[in-house]
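These notes concern the structure reproduced below.
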């Protein structure tokens with residue numbers, strides 16, 4: 001069991017440390033990062049479970065081989081539900097904190113929420129399905145959750161120091177939902193031969209954009225907020 005836990009949590013730790021050490025100027029309090037991670041691990045899972053049940057009652061998906069139904073499931077049931085629960089934590093818990101004092105912090109806190117969510121999800125999958133699943137998810141689902149968080153956090157970092165806070169916050173949420181939805185829909189319609197390649201392509205694109213987002217906020221950090229209000 002301990003070995004399975006290590007397999008499940010190792011990629012989470014690697015990604016967190018990588019993004020943490022990319023924060024060049026004013027690293028976040030570790031206690032606040034851990035609290036954000038914990039909220040992602042527990043609150044997000046509870047919220048999504050409740051909302052999933054609500055969707056199942058209101059909009060049951062009857063045909064597993066229906067592309068339109070799987071699109072609804074990918075974008076609305078899974079993508080919107082999971083990313084909105086993460087968004088709420090960043091918006092109402094992390095963003096108002098005084099420690100959230102530079103654009104890069106949006107990436108850091110959104111990543112912590114996403115990795116908290118991914119940790120709980122990964123533990124459940126790996127405990128049920130074993131080492132092979134853990135290794136596969138280390139290179140697919142876990143980095144995918146990281147990219148969703150980074151892309152959301154990029155715009156939420158801009159929002160904190162902008163006159164257009166609402167627009168930037170919602171843009172971050174929208175981008176995370178879109179990438180999450182595209183990643184999942186290609187996996188959900190795997191009854192179409194070879195369609196899963198679309199998930200890999202969306203993941204690679206997400207990683208490329210996440211790298212650009214990190215670079216951009218590294219430049220925008222250690223800044224004068226008065227010059228960032230645009």
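The values are calculated or read from the model by the stated rules, or taken from the named source; none is laboratory data. Bear in mind that the values here come from a model prediction, so they are computed numbers and not experimental data. Neighbour counts are summed over all protein chains in view; Cβ atoms, including those assigned to glycine, are modelled from backbone coordinates with ideal geometry.
The table that follows gives values for the structure above.
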| quantity | calculated |
| --- | --- |
| Hits in segment 8-59 (condition: more than 18 Å from the chain's Cα centre (by Cα) and buried (at least 20 other Cβ atoms within 10 Å of the Cβ)) | 28 |
| Residue check for residue 110: modelled with pLDDT of 95 or more, assigned to a helix (DSSP H, G or I) and either over 27 Å from residue 130 (Cα atoms) or over 16 Å from the mean Cα position of the chain (by Cα) (or both) | yes |
| Matching residues in segment 61-70 - criterion: being touching a helix residue (DSSP H, G or I) at 6+ places or on another chain (Cβ under 6 Å) and either in contact (Cβ under 8 Å) with a residue 40 or more places away in the chain or surrounded by 20 or more Cβ atoms within 10 Å (Cβ to Cβ) (or both) | 70 |
| Failed criterion for residue 73 (all others in (1) surrounded by fewer than 18 Cβ atoms within 10 Å (Cβ to Cβ); (2) touching a helix residue (DSSP H, G or I) at 6+ places or on another chain (Cβ under 9 Å); (3) modelled with pLDDT under 95; (4) in a helix (DSSP H, G or I) hold) | (1) |
| Single condition residue 79 does not satisfy, out of (1) surrounded by 14 or more Cβ atoms within 10 Å (Cβ to Cβ); (2) at pLDDT below 85 | (2) |
| Within segment 114-125, tally of residues that are surrounded by fewer than 23 Cβ atoms within 10 Å (Cβ to Cβ) and either at pLDDT 95 or above or on the phi > 0 side of the Ramachandran plot (or both) | 0 |
| Residue 97 vs. criteria more than 15 Å from the chain's Cα centre (by Cα), more than 24 Å from residue 14 (Cβ to Cβ), part of a helix (DSSP H, G or I) and at pLDDT 80 or above | no |
| Matching option when the condition is surrounded by 16 or more Cβ atoms within 10 Å (Cβ to Cβ), over 13 Å from the mean Cα position of the chain (by Cα) and in contact (Cβ under 8 Å) with a residue 12 or more places away in the chain, among 153, 134, 172 | 134 |
| Residue 89 over 11 Å from the mean Cα position of the chain (by Cα) and either buried (at least 16 other Cβ atoms within 10 Å of the Cβ) or part of a helix (DSSP H, G or I) (or both) | yes |
| Residue match in segment 116-126 (condition: closer than 20 Å to residue 217 by Cβ and either in a helix (DSSP H, G or I) or within 12 Å of the chain's Cα centre (by Cα) (or both)) | no |
| Matching residues in segment 132-174 - criterion: being outside any helix (DSSP H, G or I) and either under 15 Å from residue 11 (Cβ atoms) or out of contact with any helix residue (DSSP H, G or I) (no Cβ under 7 Å at 6 or more places or on another chain) (or both) | 139, 140, 163, 164 |
